[in-house]
Amino acid sequence: MKPFKFKQFEIQQSADVFRVGTDGVLLGALANINFAKNVLEIGTGSGLISLMLAQRNLNAIFLGIDINEEAVNLTKFNFENSPFHLRLKNSLQDFKTFETDEKFDLIVSNPPYFEENSSGKDVLARQTVELNFQQLISKSSQLLSENGIFSVIIPFEIGAYFIEIAKENQLFLNRKVNIYGIENSKIKRLVLEFSQIEKALEESDFIIEKSPRNYSDQYLELTKEFHVFKE
């Protein structure tokens, strides 16, 4: 499979690992990384999100974990061959049994959200069987630093459910980005950011395409430091 080339790094891909997609790019570009020094990514896949965040914050250090050995090996390769390799590490871990004394200023995840199916495709990356939202949110709340942020991208349809579980775990919604796949369509995805501090919600809209296969000015501006767009 061909590598996916960004301006400052390259993502080697595998048919056995969830590939570079718009969700990952959006989270990598939108997550609040400004004040983070210690970052955890849950479910790295190819390592895309951590690499984008490492480009955006030149002082942060990163730990990526994944339950899929193939994904861990792929991430390791992509991390080691990037300009940010000294600040990036990853390991084969099941988040449900992950233990550390560290606290993280930012925890990011493009979490599993498909129910179990029989196709076998992207099984570990996309089934709630491996890591359900309750487990993801509960453990993340325990690993956040005092002012830490928990940032995810999820389908719109499960947003209210996710927000409710977060609240039950004393994580309050601070920021919400409504992602529209195309102008004048329904909301497709949500980027949600939580912290242990209850404050006024910051909400915004984001449009990926203004017409089919025609990126919006918003998307072009957001990703201009990453994507290599063809003229």
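Looking at segment 158-199, which of the residues that are under 19 Å from the mean Cα position of the chain (by Cα) and of a type in the set (Gly, Ala, Ser) is nearest to Phe133 (Cα to Cα)? Per the stated criteria, the residue is Ala166. The condition (being charged (D, E, K, R) and open to solvent by 30 Å² or more (accessible area, probe 1.4 Å)) is satisfied by just one residue among Glu193, Glu221: Glu221.
Would you please name the residue that is surrounded by the most Cβ atoms within 10 Å (Cβ to Cβ), looking only at residues in segment 38-82 that are closer than 19 Å to Thr100 by Cβ and acidic (Asp, Glu)? Among those that are closer than 19 Å to Thr100 by Cβ and acidic (Asp, Glu), it is Glu41. Evaluation of Ser204 against the conditions (1) in contact (Cβ under 8 Å) with a residue 60 or more places away in the chain; (2) under 23 Å from Ile158 (Cα atoms) shows that the sole unmet condition is (1). Would you mention how many residues in segment 182-220 are more than 23 Å from Ser138 (Cα to Cα), assigned to a loop (DSSP other than H, G, I, E, B) and of a type in the set (S, T, N, Q)? Result for segment 182-220: 3.
Take the residues in segment 14-23 that are touching a helix residue (DSSP H, G or I) at 6+ places or on another chain (Cβ under 8 Å), touching a residue at least 40 places away in the same chain (Cβ under 8 Å) and open to solvent by 10 Å² or more (accessible area, probe 1.4 Å), then tell me which one is nearest to Leu74 (Cα to Cα). If you could, list the steps in order and put the result at the bottom.
Pass one, segment 14-23, residues touching a helix residue (DSSP H, G or I) at 6+ places or on another chain (Cβ under 8 Å): 14, 16-18, 20.
Those left that are additionally touching a residue at least 40 places away in the same chain (Cβ under 8 Å): 14, 16-18.
Among the residues that remain, those that are also open to solvent by 10 Å² or more (accessible area, probe 1.4 Å) are: 14, 16, 18.
Numbers: Ser14: 8, Asp16: 10, Phe18: 11 Å.
If we take residues in segment 14-23 being touching a helix residue (DSSP H, G or I) at 6+ places or on another chain (Cβ under 8 Å), touching a residue at least 40 places away in the same chain (Cβ under 8 Å) and open to solvent by 10 Å² or more (accessible area, probe 1.4 Å), then Ser14 is nearest to Leu74 (Cα to Cα).
The values are calculated or read from the model by the stated rules, or taken from the named source; none is laboratory data. Keep in mind it's a predicted model, so treat the numbers as computed, not measured. For neighbour counting, all protein chains shown are included, and Cβ atoms are generated from backbone atoms with ideal geometry for every residue, glycine included. For the accessible areas, the whole protein counts, side chains as well, though only heavy atoms, and no ligand, DNA or RNA atoms are used. Shrake-Rupley method; radii C 1.70, N 1.55, O 1.52, S 1.80 Å.
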